[in-house]
Amino acid sequence: AAWWRHFGDTLNSRMLAVWDDTESLCALAPLYTRPLRAGLPGLTVLGMMGDEGVGSEYLGALLRRGREEESLGAAVVHLKKGWSLVDLRGVREDSPSAQATLRLLSALSPGRVHQERHPCSMIELPRDYEVYLGSLPQKFRSTVRYRTNKLMKNFSVRMTRTVRDDELAPHLDRFFAMHQDRWTAEGHPGSFTSDAKRAFYAEVSREFLRRGWLRFYHLEVDGVIRASQFGFAFNGILHSLQEAFDREFHPPGVGGVGVVLRGMAIRDCIGEGIRGYDFLGGVEDFKTRWGTQTHYVQRVRIGAPGLSGALA
């Protein structure tokens, strides 16, 4: 709903609900349609709400357990018309229901299916932080310990977490400012130039906090936030959405304070019994050096039968 409010003004909702004969809700598919491209009238893309602008992964329908196949079958019958191209992003390869969705949709036009695979990175967390550190390569393990100890020896350091509603606005403002300063200094626009994205983060932050899901971590050095990580915990997994650090803060011998904060955040996750720390998309070194395992999502595009699907 937050994504729709801030990013859906040029889109058309196609929200599907599937009910059985007893009036029990069996499935919700938050879909939308949009024109494929300006100047190509009549060519319509069917997508999943949340798929652009905010870094989503693992999108899909919400399905009642035990009713997945029949619910999806009913939804796909309803979706036979009204689009030229299905474009589904972030579909998990290890999700049976997500793969069933793709199988049923692909059967509508089997000769016009294009699939891409994209890697994601996640740490499977043990129950003890020292056990976790011991599993990392010796050089990086030493780096984490050295940077943390050096920073704490020379400054007053603490990790905090946003836990009150009145903290959200100042913490988000600091987070946005650090993130934008870093990327604009490197000649890039940065993720938070968009008012819509800032407003989206503010809204979901309030809802995450209200539900107890928000994991918005901050590294305070002498009372000033020098790094932040924004994420949420759901079903035993911490999903790390975005991070920022103060590019002008360079304490001698410490290096990147983001490494210190991530180590503290992982320790906090292990302490509360979280099973996994999910970096979401990508297998960059700054993720994999933390001992990640790789799993995959797909982007699948399906052209509709007929001329419009061929053109799309």
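Every condition in (1) open to solvent by 40 Å² or more (accessible area, probe 1.4 Å); (2) within 19 Å of His118 (Cα to Cα); (3) charged (D, E, K, R) holds for Lys287 except the one numbered (1).
Scanning segment 113-142 for residues that are over 19 Å from Gly258 (Cα atoms) and touching a Pro at 6+ places or on another chain (Cβ under 8 Å) turns up just one, Ser135. The residue list Ile274, Ile237, Ile266 contains one member that is under 20 Å from Tyr132 (Cβ atoms) and touching an Asp or Glu at 6+ places or on another chain (Cβ under 7 Å), which is Ile237. Regarding Val254, is this residue out of contact with any Gly (no Cβ under 9 Å at 6 or more places or on another chain), surrounded by 14 or more Cβ atoms within 10 Å (Cβ to Cβ) and closer than 28 Å to Val113 by Cα? Considered against the rule, which asks whether it is out of contact with any Gly (no Cβ under 9 Å at 6 or more places or on another chain), surrounded by 14 or more Cβ atoms within 10 Å (Cβ to Cβ) and closer than 28 Å to Val113 by Cα, Val254 comes out as no. For segment 142-175, the set of residues classified as under 15 Å from Arg226 (Cα atoms), among the aromatic types (Phe, Trp, Tyr) and open to solvent by 70 Å² or more (accessible area, probe 1.4 Å) is empty.
Return yes when Glu130 is farther than 23 Å from Arg65 by Cβ and in contact with a strand residue (DSSP E or B) (Cβ under 7 Å, 6 or more places away or on another chain) and no when it is not. Here the answer is no, as Glu130 does not meet what is asked.
Could you list, in sequence order, all residues of segment 130-139 that are open to solvent by 20 Å² or more (accessible area, probe 1.4 Å) and either under 30 Å from Val300 (Cβ atoms) or not charged (D, E, K, R) (or both)? Scanning segment 130-139 gives Val131, Gly134, Ser135, Pro137, Gln138.
Residues are listed down the side, and each one gets a yes or a no for (1) free of Cβ contacts under 8 Å to residues at least 24 places away in the same chain; (2) of a type in the set (Gly, Ala, Ser); (3) farther than 25 Å from Gly282 by Cβ:
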{"site": "Arg112", "(1), (2), (3)": "no, no, yes"}
{"site": "Ser121", "(1), (2), (3)": "no, yes, no"}
{"site": "Tyr132", "(1), (2), (3)": "no, no, no"}
{"site": "Asn154", "(1), (2), (3)": "no, no, yes"}
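Taking first residues from segment 287-312 that are over 21 Å from Gly39 (Cα atoms) and partners that are part of a strand (DSSP E or B) and open to solvent by 70 Å² or more (accessible area, probe 1.4 Å), the Cβ contacts under 7 Å between residues at least 6 apart in sequence or on separate chains come to Gln293/Glu124; Tyr296/Arg117; Tyr296/His118; Val297/His118; Gln298/Gln115; Gln298/Arg117; Arg299/His118; Val300/Gln115.
I'd like the residue in segment 207-238 that is in a strand (DSSP E or B) and more than 16 Å from Thr160 (Cβ to Cβ) and, out of all such residues, is most open to solvent (accessible area, probe 1.4 Å). Filtering segment 207-238 for residues that are in a strand (DSSP E or B) and more than 16 Å from Thr160 (Cβ to Cβ), the one most open to solvent (accessible area, probe 1.4 Å) comes out as Phe234. Report yes if some residue within segment 176-199 is modelled with pLDDT of 95 or more, surrounded by 15 or more Cβ atoms within 10 Å (Cβ to Cβ) and at positive phi; otherwise report no. Within segment 176-199, not a single residue is modelled with pLDDT of 95 or more, surrounded by 15 or more Cβ atoms within 10 Å (Cβ to Cβ) and at positive phi. Filtering segment 266-284 to residues that are open to solvent by 60 Å² or more (accessible area, probe 1.4 Å) and within 22 Å of Glu116 (Cα to Cα) leaves Val283, Glu284.
The values are calculated or read from the model by the stated rules, or taken from the named source; none is laboratory data. Owing to the predicted nature of the structure, the values given are computational and were not obtained by experimental measurement. When we count neighbours, we look across all protein chains shown, and the Cβ atoms used for this are built from the backbone with ideal geometry, even at glycine. The area values use the complete protein model at the heavy-atom level, side chains included, leaving out ligands, DNA and RNA. Shrake-Rupley method; radii C 1.70, N 1.55, O 1.52, S 1.80 Å.
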